[in-house]
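Read the structure below first, then the notes.
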Amino acid sequence: MTDGRSPVWGAVLLAAGRGERFGGDVPKQFVEVSGRHVLSWALDSLAGLGLLRSIVVVLPQGRAGGWSPPEGVACVLAEGGPRRQDSVRNGLAALDPRIDHVLVHDAARPFAGGEAMSRVIEAAERTGAAVPVIPVSDTLKRLEGGRVACTLDRTGLWASQTPQGFRRDILEAAMDSQADFTDECAALEIAGFEVSAVEGDPLGVKLTSQADLRLLEKIAPAPARRMAVGFDAHPASEGRPLVVCGCRLSSSGGLEGHSDGDAVLHAVADAVLSCARAGDMGVLFPPSDESLRGADSSVLLSRALTVAGERGWRVVSADITLIGEFPRVSRHREAMLARLAGILGVGPDAVWIKGTTTNSLGCLGRGEGLACIALVEMENRPG
Ligand code: CTP
Ligand code: MG
């Protein structure tokens, strides 16, 4: 607490390192884990606290992109320096002057949990400085020349994580030190300040080497998934071109409809809208809309995908069943799959199409039209 007022928290997110141990073309904080940049995950976990007045994102010189600002919290950019402490200093200089308590966090830790962060905040408000730590569970060896020289006593040893929390004036005073350190807690130790240790988060792993990437992929929050079925049927219309699954198969023997009559793309679009809980084809494209007369159904499906995409949903896979006497799917399967995968923006293995008949039963058995059932699977990643 400062002057009896409620503490005002901000954060400095360190993303200006070169990631030399990780290697690769881009610094590790801009690598994707489970479909998002490591930096964006870290930023969201800070924003998720719902407590920060603003976050200073410290980036490498000349790099402004490669991340997406979270909702609900202001973000300020600062340029990093050659050493970690230079980046911290630049971040502090860009911090809103009303902020009197600071979290300093590694952008390379995408999944540090909110509970450990809350423990840090609580302890830092009480004591002025706090670091999250986790027990060192493996037996520690000192190596010399590739051989084990001795086993170290791990009693009292803990691994430190981030975010670490500080009263701003204490952190700024400690950062005046000229010594090299690998976390801010060490700067406070050197300057003679006390730091409280609180329980860290076993999932707050830092991306350091390529092997960590595999681990992080495994602990990434699973995206929400939904499946939905779409159905459509159109009567045959001799004089119209036959368009099925976005492919024009012949200039006659087609399907009746307000648009081009493509039952497959309509069924897929309905399933897409269903997954996203975003209405249905009738709502989006009312038959009364004259501008849709004879419309290319791939345009309609693309619009449905945009609506779903605005809600964060993207297609994972689609499975199509055509029901009727025509067209012969085996003859057109490759073209249909390529077209559908292209419209949906998925790989060729993510879609399949098959045909069946009603064994002469009813109107579909008499070739009077074509029906389609589409099963679509979609996912929505957090953030
Ligand atoms: N960092 C920074 N500025 C620096 C050095 C590091 O902002 N001059 C940041 C990194 O981007 C990272 C965090 O501090 O998010 C933790 O540092 P570390 O894991 O050491 O990252 P790098 O320094 O990038 O990696 P390496 O040491 O392997 O080069
Ligand atoms: Mg480093």
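Quick notes
- Any chance Ser160 is open to solvent by less than 80 Å² (accessible area, probe 1.4 Å) and among the hydroxyl-bearing types (Ser, Thr, Tyr): yes
- Qualifying residues in the stretch 338-374 (those that are of a type in the set (Lys, Arg) and either touching a residue at least 40 places away in the same chain (Cβ under 8 Å) or not in a strand (DSSP E or B) (or both)) - the one farthest from Met227 (Cα to Cα): Arg366
Here's the yes/no breakdown for (1) among the aromatic types (Phe, Trp, Tyr); (2) open to solvent by 40 Å² or more (accessible area, probe 1.4 Å); (3) over 32 Å from the mean Cα position of the chain (by Cα); (4) on the phi > 0 side of the Ramachandran plot:
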residue: Ala269; (1), (2), (3), (4): no, no, no, no
residue: Pro287; (1), (2), (3), (4): no, yes, yes, no
residue: Asp319; (1), (2), (3), (4): no, yes, no, no
residue: Glu325; (1), (2), (3), (4): no, yes, yes, no
residue: Val329; (1), (2), (3), (4): no, no, yes, no
residue: Glu334; (1), (2), (3), (4): no, yes, no, no
residue: Leu337; (1), (2), (3), (4): no, no, no, no
residue: Leu344; (1), (2), (3), (4): no, no, no, no
residue: Ala350; (1), (2), (3), (4): no, no, no, no
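- Considering residues of the stretch 23-55 that are charged (D, E, K, R) and modelled with pLDDT under 95 only, the residue farthest from Ile99 (Cα to Cα): Asp25
- Candidates Ser251, Ser259, Ser237, filtered to the one that is crowded, with 21+ Cβ neighbours inside 10 Å and either modelled with pLDDT under 95 or among the aromatic types (Phe, Trp, Tyr) (or both): Ser259
- Within the stretch 123-136, considering residues that are among the small types (Gly, Ala, Ser) and part of a strand (DSSP E or B), the one surrounded by the fewest Cβ atoms within 10 Å (Cβ to Cβ): Ala129
- Matching residues, the stretch 74-122, being over 17 Å from Gln29 (Cα atoms), part of a loop (DSSP other than H, G, I, E, B) and either in contact with a Phe, Trp or Tyr (Cβ under 8 Å, 6 or more places away or on another chain) or touching a residue at least 24 places away in the same chain (Cβ under 8 Å) (or both): Ala94, Leu95, Asp96, Arg98, Ile99, Asp100, Gly113
The values are calculated or read from the model by the stated rules, or taken from the named source; none is laboratory data. Predicted, not measured: the structure shown is a model, and the values here were computed from it. Ideal geometry is used to build each Cβ from the backbone, glycine not excepted, and the neighbour counts take in all protein chains shown. We work out accessible area using only protein heavy atoms, side chains counted, and drop any ligands, DNA or RNA first. Shrake-Rupley method; radii C 1.70, N 1.55, O 1.52, S 1.80 Å.
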